[in-house]
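What follows is a single structure, written as structure tokens, with notes after it.
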Amino acid sequence: MRVSLQRFQRFLACFLLAGVFLGVGACGARTADVSPDRASSPVGEPGRSGACAGNTHFQVGSGIHDITGPAAELGMMGYARLDQKTAGIHLRLWARAFVIATPCNDKRVVFVSADLGQVFQVIKQQVMSRLQATYGSVYTDANVILSATHTHSGPGGISHYALYNLTILGFDQQNLDAVVHGIYQAIVRAHNNLGAGTITVASGELTDASINRSPQAYLRNPAAERAQYASDTNALMTLLRLQKSTGLEVGTINWFAVHGTSMGNDNHLISGDNKGYASYLFEKAKGANYLVPETFVAAFAQSDEGDSTPNIYGGTNGGGANDFDSTALSAQKQFTKALALYNSTTESLVGGVDYRHAYVQMDAVQVAPAWTDGVARTTCPAAIGISMLAGAEDGPGFGREGLSCEQVSTLWTAFICAGARTDCQAEKPIVMETGRQTPYPWTPEVLPLQLVTIGNLALVATPFEVTTMAGRRLRHTVMAQLGPSGITRVIIVGLANAYAGYMVTREEYARQDYEGASTHFGPWQLAAVQQEIDRLAVALRHDLPVAAGPTPRDLSCCQTTLQTGVVFDDKPLGQHFGSVMTDANASYNRGETVTVVFWGGHPKNDLRLQDGFLQVQKQHSDGTWSVVAYDWDWETIYTWTRDFCPPTFACSRHTVQWTIPSTAAPGLYRIRHDGTWKSGWDGSLHPYFGLSREFTVN
Ligand SMILES: [Zn+2]
């Protein structure tokens, strides 16, 4: 079996792997029965009894920092297309951090939502080592949650595992450094801004912002189970409002399950997608200033979005005339709902902060019969199924979803399933056993599971994209254990602390849609995670420690890359870096778009974090200029193009577009472009800037 499988995989990999992977999948068990007596043993509830009984006194702090990687010529992470590389910025990517502490038990937790496709394991590893260098043991793996919004429009190359760098053409140190630095800085800011305050909570349904993209897989779940729910997606948005005792509004976090796939796979502009824009809208409404260390921060965090898409008209159709419109439609819905919840919160979180965390050898979990179909089961070495190459509906790839070995009804499936199956992976026709690649596996096998309580709210953080029904079963597991000790809400925190594909229910797995094919550890993965999360919940409930578990690999030694650095920059004869190629008109009306093109250097020379490649400036009556828009504003688009300037292709064109808002004040404006060029003589770097003509806005 082993030999034939490997030969078959090699064949398939050669044949197919130029294709696509994008989505998620999950597989899981039937809801395990947590017997009442298991849930009623003597309880300590350290977070909700004792000194923290009835506690509503929190300390809260927030911070935000830029994490935008190379805006040119780096493969984008999400749709797995070789030809989708960055070529500019629409919205910058941000890390949004919150520190929440309870003096009653002297515990604290960090929650970060980052505008990333995934928070790969190396990101958590490196952020933690920087935090520990600064703060000692205040922050550990156990009390820090790093979660990704799952935008598909950020630069990639930031995993240490080969599968996720494949279509990026390898690892990219510059991008990883930007991400780690930015997340760390956001946490430092939140830490420094910590002060006494309160946390209120509200939740409500947002029913027109997502649909299930694998409804046939969802329908595999038992009818009696489906009958308990009105929808085949998780439509509940839950929101926290953090406010200091001084009245200062610190920020807000909400969780809503929907993919970051409003921008499509032909987009080349960096964007936080629908959640990034929703955050921006909320922060703008609160007058946030990204350039100061303390400001209002609004995180639109990811939840159990495995099978949930914003493209509510099917396929890649989000309802807008283009990607920007679709992103705006989804963002507006999420923003409007969040603002309504924010303005109506009255219920305080009650209790203390607590947490448990364990690393689990996910490819070797012995799953007890209580969590499966009544038989002892195991998880499997990580493998991806053929349907992963088909991509999900948001970004179709090679072939069709749903190739399953459940029923071998055609010659093609007979051929595939004869060669590409293992008993452990059951219905999955395997395109690659990523966990068995040498010298290092292509996907991680030691993975973090984490349970955090903030008062009566529980957060379940897993490194997977959890489908709707899988999320429900997991929440049920936690509720069964912690409900008796006062937990009233359980939230799945998606794509947290590492990344290892999807997690579907056992029944969804059999169908082998994109999400099932991307559930690495086999049909009983969800059952295994339920069992391990239950273990954490028991420990938290009884105030017992949990073993740290095995240590994840450190693969920083062993990265390969085909990334190209900047050799040197050039400009056409008679031009200088920053000179204008196409200038603005003399005047514009509001609603029109100003376009200015500059000659300049390559954006990789300096990422211009917290600063940007462009400014729209307005003149004051005293003749001085101030900035009214940056490259992170929705109304601006910054585009980079490589250009031929004889005899080289080393020239960079920087196009700045500013669509003048209807609220813009009439007056005199100009566009500024900032960049850095690299010398061909000695590799030295030189900052420059250019200015457009001054123009009137009427
Ligand atoms: Zn996904």
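The table below gives the values:
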read-out	value
Subset of the range 431-448 that is β-branched (Val, Ile, Thr) and at pLDDT 95 or above - its residue that is nearest to Pro552 (Cα to Cα)	Val446
Qualifying residue in the range 616-624 (condition: at pLDDT 95 or above, within 30 Å of the chain's Cα centre (by Cα) and more than 30 Å from Pro439 (Cα to Cα))	yes
Strands (runs of 3 or more DSSP E) contained entirely in the range 81-123, each with at least 1 residues that are hydrophobic (A, V, I, L, M, F, W, C) and more than 30 Å from Val656 (Cβ to Cβ)	94-102, 107-114
Number of the exception - Ile270 against (1) within 24 Å of Tyr342 (Cα to Cα); (2) away from the ligand (no atom under 16 Å from the Cβ); (3) open to solvent by less than 10 Å² (accessible area, probe 1.4 Å)	(1)
Breaking point among (1) open to solvent by 10 Å² or more (accessible area, probe 1.4 Å); (2) not in a loop (DSSP other than H, G, I, E, B), for His160	(2)
Where Lys85 falls short, out of the listed (1) open to solvent by less than 10 Å² (accessible area, probe 1.4 Å); (2) closer than 27 Å to Tyr502 by Cβ; (3) of a type outside the set (S, T, N, Q); (4) modelled with pLDDT of 95 or more	(1)
Test result for Asn289, free of Cβ contacts under 8 Å to residues at least 24 places away in the same chain, closer than 21 Å to Asn193 by Cα, open to solvent by 20 Å² or more (accessible area, probe 1.4 Å) and not charged (D, E, K, R)	yes
Residues of the range 270-323 classified as among the aromatic types (Phe, Trp, Tyr) and over 26 Å from Gln84 (Cα atoms), total	3
Strands (runs of 3 or more DSSP E) completely within the range 547-627 that count 2 or more residues being out of contact with any helix residue (DSSP H, G or I) (no Cβ under 8 Å at 6 or more places or on another chain) and open to solvent by less than 50 Å² (accessible area, probe 1.4 Å)	593-600, 614-619
Residue that is surrounded by the most Cβ atoms within 10 Å (Cβ to Cβ), among those in the range 344-375 that are closer than 29 Å to Lys124 by Cα and charged (D, E, K, R)	Asp363
Residue pairs meeting the criteria (Cβ under 7 Å; at least 6 apart or on separate chains; first polar (S, T, N, Q), in the range 356-373; second open to solvent by 30 Å² or more (accessible area, probe 1.4 Å))	Gln361/Pro550; Gln366/Ala376; Gln366/Thr378
Number of positions in the range 240-267 that are part of a loop (DSSP other than H, G, I, E, B) and either at negative phi or within 16 Å of the ligand (Cβ to nearest atom) (or both)	14
Filter pass, Leu339 being open to solvent by 10 Å² or more (accessible area, probe 1.4 Å), in a helix (DSSP H, G or I), over 30 Å from Tyr139 (Cβ atoms) and among the aliphatic types (A, V, I, L, M)	yes
Close pairs from the range 425-451: first without any contact (Cβ under 8 Å) to a residue 40 or more places away in the chain, partner assigned to a strand (DSSP E or B) and of a type outside the set (A, V, I, L, M), Cβ under 9 Å, at least 6 apart	none
Of residues in the range 503-517 being assigned to a loop (DSSP other than H, G, I, E, B) and touching a Leu at 6+ places or on another chain (Cβ under 8 Å), the one nearest to Gly402 (Cα to Cα)	Gln512
Ala178 being surrounded by fewer than 24 Cβ atoms within 10 Å (Cβ to Cβ) and under 28 Å from Trp640 (Cα atoms)	yes
Matching option when the condition is within 19 Å of the chain's Cα centre (by Cα) and outside any loop (DSSP other than H, G, I, E, B), among Val188, Val179, Val201	Val179
Matching residues in the range 422-440 - criterion: being more than 28 Å from Thr477 (Cβ to Cβ) and surrounded by fewer than 21 Cβ atoms within 10 Å (Cβ to Cβ)	Arg436, Gln437, Thr438, Pro439, Tyr440
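Yes/no matrix, rows are residues, columns are (1) hydroxyl-bearing (Ser, Thr, Tyr); (2) at pLDDT 95 or above; (3) away from the ligand (no atom under 16 Å from the Cβ):
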site	(1), (2), (3)
Ala298	no, yes, yes
Ile312	no, yes, yes
Asn322	no, yes, yes
Thr336	yes, yes, yes
Ala340	no, yes, yes
Arg356	no, yes, yes
Pro369	no, yes, yes
Ile384	no, yes, no
Met388	no, no, no
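The values are calculated or read from the model by the stated rules, or taken from the named source; none is laboratory data. Remember, predicted model here, so these are calculated numbers, not experimental data. Here the Cβ is made from the backbone with ideal geometry for all residues, glycine too, and neighbour counts use every protein chain on show. These accessible areas exclude ligands, DNA and RNA; they are computed on the full protein's heavy atoms, side chains included. Shrake-Rupley method; radii C 1.70, N 1.55, O 1.52, S 1.80 Å.
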